[in-house]
Amino acid sequence: MAAHAGAPDGKIQVKLLGTAVLPDGGISTVRATSLALPAKTDTSANDNYVPTVAIEYFLSNAVSVETICCTTSHHVDGAGAIAGVTHLIDDILIVPATVTLKYHLTGLGPVKPYVGAGPSYFLVLDSKIGAGGKAALGATDASLKSKLGFALQAGVDIPVGGNGFGVSLDAKRYFMRPLARFSNAAGATLLETRHELDPWVLSAGLSYRF
């Protein structure tokens, strides 16, 4: 089959996926504070569900490089001793720029499991103080900083029909510890915390290889 047509052994694979982004968001470290925080103060981040595009280039039948494209929106709530406080940080918009090197298991027929790993940069496009951050902390501004981390990956590609189309299931675990900063109207830091964002990112959808 011509290289530019759909083929199960083509060099390029494109995936259209539905993705669940399931972060933790707990506090790993309090870097600085001028506030009297209750013992066992913690936080959590909400889940989100987004469309995702993945583009993959096969260096060989068993090795490929993949990148993904999506944006995901979240907010951070109180947990532990401040579990009733919602929206400490609001309208967090993240681009999880990720590149993974993948190894595909061969010799298993049409079903092709894989594992992968690679760097990720969580580019925070926007974040702002939420109602909970204003009321509970007395802050007028909040931000979540962009952060470099890495991801582990596992999944399976299942060709359908032998013409390049298929079904893909994918799971990634990110290890990402961004810094949050809360400040007052004068710009003074009230609280600075590092968070175990560490999301599971679970995807399923259609693929086309050519």
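The values are calculated or read from the model by the stated rules, or taken from the named source; none is laboratory data. In this text, all values refer to a predicted model and were calculated from it rather than measured experimentally. So basically every Cβ, Gly included, is an ideal-geometry build from the backbone, and we count neighbours across all protein chains shown. In case anyone asks, the SASA skips ligands and DNA or RNA and just uses the protein heavy atoms, side chains included. Shrake-Rupley method; radii C 1.70, N 1.55, O 1.52, S 1.80 Å.
Of note:
- Of all residues in region 83-105, those that are free of Cβ contacts under 8 Å to residues at least 24 places away in the same chain and among the basic types (Lys, Arg) total 0.
- If you filter region 1-58 down to residues that are β-branched (Val, Ile, Thr) and more than 26 Å from residue 138 (Cβ to Cβ), you find that the one that is farthest from the chain's Cα centre (by Cα) is 12.
- Close pairs (8 angstrom Cβ cut-off, 6 or more residues apart or separate chains): among the basic types (Lys, Arg) in region 16-37, open to solvent by less than 50 Å² (accessible area, probe 1.4 Å) anywhere: 31/179; 31/192; 31/193
- Residue count for region 153-176, restricted to those that are touching a Lys or Arg at 6+ places or on another chain (Cβ under 9 Å) and either loosely packed, with under 15 Cβ neighbours inside 10 Å or closer than 23 Å to residue 62 by Cα (or both): 12
- Residue among 9, 24 that is within 25 Å of residue 108 (Cβ to Cβ), part of a loop (DSSP other than H, G, I, E, B) and open to solvent by 40 Å² or more (accessible area, probe 1.4 Å): 9
- Verdict on residue 108 being free of Cβ contacts under 8 Å to residues at least 60 places away in the same chain, assigned to a strand (DSSP E or B) and surrounded by fewer than 20 Cβ atoms within 10 Å (Cβ to Cβ): no
- Summed over region 69-87, the residues that are part of a strand (DSSP E or B), at pLDDT 95 or above and out of contact with any Gly (no Cβ under 9 Å at 6 or more places or on another chain) give a count of 2.
- Residue match in region 96-103 (condition: over 19 Å from the mean Cα position of the chain (by Cα), under 18 Å from residue 153 (Cα atoms) and modelled with pLDDT of 95 or more): yes
- Flag if residue 41 is crowded, with 19+ Cβ neighbours inside 10 Å and at pLDDT below 95: yes
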